[in-house]
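The structure appears right after this line, and notes come after that.
No value in this document is a laboratory result; all are computed from the given coordinates. As the structure is a computational prediction, the values presented were derived from the model and not from experiment. Because the Cβ atoms are built from the backbone with ideal geometry, glycine has one as well, and the counts that use them run over all protein chains shown.
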C-alpha cells in the first residue's frame, strides 16, 4: 500500500481545525493568542492575522476579566480540563455567552501553552434565563392564589400581592394604584420593594404628560402595557431618572377590575431589560384576573355581611317589640339563620370555582414547559389528567353544596375506601407543602349506601380542620392518621391528629354553626357543622369527636 503524503494529511487536519463548529485558541502563559482557528476569529469579530500576537483578555466582558484570570490560573495548576462560562464582547456583535474548556500543554521548546475550546452558548443561556423568569412569574401566580384564599379585605390582599411579587417573583418593586375619581390621579395604596420610587410621584389615567406611561396606558384601555427598555422607552421619560436610580430596566402594568369596572392597576418592575416577553403575557393576565376575581368575592362578602348585620338588627328589634310572640320570633330567627347559611354555602360554591382558571393555566403552562424540552410528555399528560380530575371533582362538589338542603337526592351504593383514597389524593400536595404527613389505612372492600360526594366533602372538611389545628399548634412531627374498617355491617372511619386535642370546655360545641376557635377571621365555623349534617341528617350515620392520645379523633360511622 502506498504511504500517505504527510503534507496532504497536515493540510486536511488544518482544514478541519479551521472549519470546526467551535472556536480553538492557543494562549501562552501571559494570555497572548498564539494560534486561533477561523471559527474562533469569527466569534471575536476580528481577522485571524490581527488576533495572533494580541491579548485575549480584552475580548472578555470587563466585569468578568478577573474570572478569566482565575480560569487561566486553574489551568496552569491542573492536568484536567477547566471549564468556565464567560461573557465575550465580540467586535461588531452583541455580547456572547461563551463556554471556555481549557487544558495545559507545551510547545516544541517546552514553553507552557493553554489550549482552549470556545463554545457559543448564547442561545442556551437565553433559554435558561427565559425559564427562570417564567418560573418567577409562576411563583407569583401560585403565591397570589394563597393570598387570595387568606385575605379578608382589599387592603390586605393588595399588600400581600405586592409582597409576593417582590419576595417570590424577584421584582424590584410592586405597587397597586387606584384611580381618584375626582382628580384622575392614580394613588398608590399598596407597595413593596423599592418604594422610594413612589415618593411624591405623579401618575394619571389616560393621555397627557403624566398619563402616557405604562400605568396610565393600561388604565386607558383597561388592559396591560409592557415597557421592556425602561431607560430607552419614551413612554417613561417622565419617570426615567428615578427609575434608573432604583435599577429598573423593564416594567409592566396590568389593569384590575371589580364587578366589571376598572378600579386600579398592578405595576411590576424588573432589573433585567426585555424581561416581559410575549410568552409571559398570559401569565400576567391570569394574575390580574385572579386578583379581580378576589375583589369580586370580597365585595360580595362585604355586602353579605352588611345584609347579615341588617338582618340581625331587624331580628333583635322584632324580639324587643314583640315579646308576646317569642315562639314565633324564635322561628323567624331560625329561618334567618338558615337563609344566611344557604347564602354562605352559595358563596363557598362560587369561591370553589376560583381554582378552575388557575388549574387551566397550569395545564397550559406545563404545555409551554414541555415545548421548552424541560418536561417529559409522560409527566405532562399525567399532570393534565390529574388537574382535570380535580376540576371535575370541584364542579360536582359545587352542585352538591347548592342542593344541600334538597330532600330529593337519591342514595347509591359506593366504596368508602375509594372515596377516602381519592379525597386524600386531592389534598396530599397541600399537606406536603406544610410538611404534614397523612397516614391512610383502609380495608379493600368497604361499601355503604349514601351520597359519595357529600361523604367526601365531610371527610375533606375534617382533614382541613386537622391541618389548621396542626399549623396553629406546631407539633414536632405533624401527622394525620386515617383508619377505616367494617364493623357490624357499617363502615367506620377515624381521623386522628397529634395537635394536642380539643379543650374539654368547648369540645361539645365544635359542631355548632358559626362556632370556631380560629383567630384573625380565618375560620367561618361552618365546616364541621356541614360535615355533621351530611353524615347524620343526609346519610343517617354518626359523627363524633373525642380526645385521644396527643390529639383529636373524629369518628364517622355510616
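Separation of region 423-439 and region 536-558 by C-alpha centroid, Å?
Here the two parts' Cα centres lie 21 Å apart.
With r defined as the distance between the Cβ atoms of residue 415 and residue 302 and R0 fixed at 56 Å, what FRET efficiency is calculated, to the nearest 0.05? It would help to have the intermediate numbers written out before the result.
Values: r = 43 Å, r/R0 = 0.76.
The pair residue 415/residue 302 has a calculated efficiency of 0.85.
Over the alpha-carbon set of region 28-94, work out the extent along each principal axis and list the three values in angstrom, largest first.
That gives 32, 24, 18 Å along the principal axes, largest extent first.
Between residue 105 and residue 506, what length in nm is gained on full extension when 0.36 nm per residue of separation is reduced by their alpha carbon distance?
Working: separation 401, 0.36 × 401 = 144.36 nm, distance 8.09 nm.
Full-extension gain reported as 136.3 nm.
For region 49-69 and region 485-513, what is the separation of their Cα centres, given in Å?
Here the answer is 73 Å between Cα centres.
Tell me, what is the FRET efficiency for residue 135 and residue 378 to the nearest 0.05, using R0 = 22 angstrom and their Cβ-Cβ distance as r? Spell out each step's value before the answer.
Values: r = 21 Å, r/R0 = 0.96.
The value I calculate is 0.55.
Quick check on the exposure proxy: order 283, 463, 131, 513 from fewest to most C-beta atoms within 10 angstrom.
Numbers: 283 20, 463 25, 131 14, 513 17.
With the fewest neighbours first, 283, 463, 131, 513 line up as 131, 513, 283, 463.
Cut-off is 10 Å between beta-carbons; in what order do 392, 225, 511 appear when sorted fewest neighbours first? Spell out each step's value before the answer.
Values: 392 10, 225 23, 511 19.
In order of increasing Cβ crowding within 10 Å: 392, 511, 225.
So between residue 544 and residue 48, what do we pick up on full extension, going 0.36 nm a residue minus the alpha carbon distance?
Working: separation 496, 0.36 × 496 = 178.56 nm, distance 8.54 nm.
Additional length available on full extension: 170.0 nm.
Suppose the Debye formula is applied to equal point scatterers at every Cα of region 6-120; what is log10 I(q)/I(0) at q = 0.13, 0.23 Å⁻¹?
Per q value, in the given order, log10 I(q)/I(0) is -0.48, -1.45.
Working only with C-alpha atoms, what are the Rg and Dmax values of region 161-291, expressed in angstrom?
13.2, 38
Taking only C-alpha pairs under 8 Å that are 6+ residues apart, what is the relative contact order of region 6-120 in percent? Before the final figure, lay out each step's value.
On the way: 208 pairs, mean separation 28.7, N = 115.
RCO, region 6-120: 25 percent.
Take the alpha-carbon centre of region 262-320, take the same for region 222-248, and report the distance between them in whole Å.
27 Å
Residue 425 to residue 309: FRET efficiency via 1/(1 + (r/R0)^6), r the Cβ-Cβ distance, R0 41 Å, to the nearest 0.05? Spell out each step's value before the answer.
Values: r = 40 Å, r/R0 = 0.99.
With R0 = 41 Å, the Cβ-Cβ based efficiency is 0.50.
Could you put 305, 133, 163, 277 in order, starting from the residue whose Cβ has the fewest other Cβ atoms within 10 Å? Walk me through the numbers before you get to the answer.
Working: 305 10, 133 21, 163 17, 277 13.
Going from least to most buried by this count: 305, 277, 163, 133.
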